[in-house]
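Below is one structure, written out as structure tokens; comments come after it.
The values are calculated or read from the model by the stated rules, or taken from the named source; none is laboratory data. Fair warning: this is a prediction, and the values are worked out from it, not measured in the lab. Cβ placement follows ideal geometry from the backbone for every residue including glycine, while neighbour counts extend to all protein chains displayed.
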Amino acid sequence: SQQGEEDPQALSIQEGENATMNCSYKTSINNLQWYRQNSGRGLVHLILIRSNEREKHSGRLRVTLDTSKKSSSLLITASRAADTASYFCATDTGANSKLTFGKGITLSVRP
Amino acid sequence: SQTIHQWPATLVQPVGSPLSLECTVEGTSNPNLYWYRQAAGRGLQLLFYSVGIGQISSEVPQNLSASRPQDRQFILSSKKLLLSDSGFYLCAWSRLAGATGELFFGEGSRLTVL
């Protein structure tokens, strides 16, 4: 089964609105990462949050981590049409240098 | 700067034919290397990873194999493709470290088995 599972599976919002995506995981982690994938392309790393961190910011991105609830959220503020993509969370459990990915969230930002 | 190259970008192969996908990394040494597969509408499934030349770990039993003949070269192969091998194959690398850092992905190879 997936270590990380994103919620919702799909999200459609209007340009300018904020987009919030959630990720839950099952076992303890070293870090949690968020990636973005444009259709038909490779994944691009967005942000990494370590298990001892609670919040990180990068530009319009804000990531939170709640290790007690085993969950993370990715907030994209003031969304743009160019933010349309799939977003994946990935967890590093420290097991043999591997990342485990969720199934992803499809974000559509309407102009 | 580091770059990762993956080819071919698109491949259509008949069932039972062989497969070879190649991935090379430039601008770094001794990277961890990974092959992931992404089925339509699904997440990424880790197939193989390698922490050094000739060192391959398989995550999922299947008719695929991987090899690392050189430090920055990672090859995914099959002797006989199945219909279920269709998908989007992604190669990635990460810096060798105690804890996993970010992954850098190639642009992917889309395989269609007919």
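Observations on the structure shown:
- Residues of the stretch B:33-56 that turn out to be under 12 Å from the mean Cα position of the chain (by Cα) and farther than 21 Å from A:Leu43 by Cα, as a count: 1
- All conditions in (1) of a type outside the set (Val, Ile, Thr); (2) within 14 Å of chain A (Cβ to nearest Cβ); (3) closer than 23 Å to A:Arg36 by Cβ hold for B:Gly27, with the sole exception of (2).
- Entirely in the stretch A:2-111, the strands (runs of 3 or more DSSP E) that have 1 or more residues that are modelled with pLDDT of 95 or more: A:10-14, A:19-25, A:31-37, A:43-50, A:55-58, A:61-66, A:71-76, A:85-92, A:105-110
- Filtered by the rule that a residue be acidic (Asp, Glu) and farther than 17 Å from B:Glu22 by Cβ, the stretch B:41-85 gives a lone residue, B:Glu59.
- Selection status of B:Arg68, in a loop (DSSP other than H, G, I, E, B), in contact with a strand residue (DSSP E or B) (Cβ under 9 Å, 6 or more places away or on another chain) and basic (Lys, Arg): no
- Test: residue in the stretch A:75-85 that is within 19 Å of B:Phe104 (Cβ to Cβ) and within 10 Å of chain B (Cβ to nearest Cβ): no
Results for (1) within 11 Å of chain A (Cβ to nearest Cβ); (2) surrounded by fewer than 21 Cβ atoms within 10 Å (Cβ to Cβ), shown as yes or no for each residue.
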position: B:Gly54; (1), (2): no, yes
position: B:Val60; (1), (2): no, yes
position: B:Gln70; (1), (2): no, yes
position: B:Ser78; (1), (2): no, yes
position: B:Cys91; (1), (2): yes, no
position: B:Arg95; (1), (2): yes, yes
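- All told, A:Leu99 falls short of being crowded, with 16+ Cβ neighbours inside 10 Å, closer than 21 Å to A:Leu11 by Cα and aliphatic (A, V, I, L, M).
- Residue count for the stretch A:59-96, restricted to those that are small (Gly, Ala, Ser), loosely packed, with under 14 Cβ neighbours inside 10 Å and on the phi < 0 side of the Ramachandran plot: 4
- Residue match in the stretch B:81-95 (condition: assigned to a strand (DSSP E or B) and in contact with a Pro (Cβ under 9 Å, 6 or more places away or on another chain)): yes
Quick grid of which residues meet (1) surrounded by 15 or more Cβ atoms within 10 Å (Cβ to Cβ); (2) touching a Lys or Arg at 6+ places or on another chain (Cβ under 6 Å); (3) within 30 Å of A:Pro8 (Cβ to Cβ); (4) of a type in the set (Phe, Trp, Tyr):
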{"site": "B:Gln6", "(1), (2), (3), (4)": "yes, no, no, no"}
{"site": "B:Gln13", "(1), (2), (3), (4)": "yes, no, no, no"}
{"site": "B:Ser20", "(1), (2), (3), (4)": "no, no, no, no"}
{"site": "B:Gly41", "(1), (2), (3), (4)": "no, no, yes, no"}
{"site": "B:Gln45", "(1), (2), (3), (4)": "yes, yes, yes, no"}
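- In this entry, B:Val15 passes the filter for residues that are within 26 Å of B:Thr112 (Cβ to Cβ), at pLDDT 95 or above and not charged (D, E, K, R).
- Test: residue in the stretch B:37-46 that is more than 10 Å from every other protein chain (Cβ to nearest Cβ) and basic (Lys, Arg): yes
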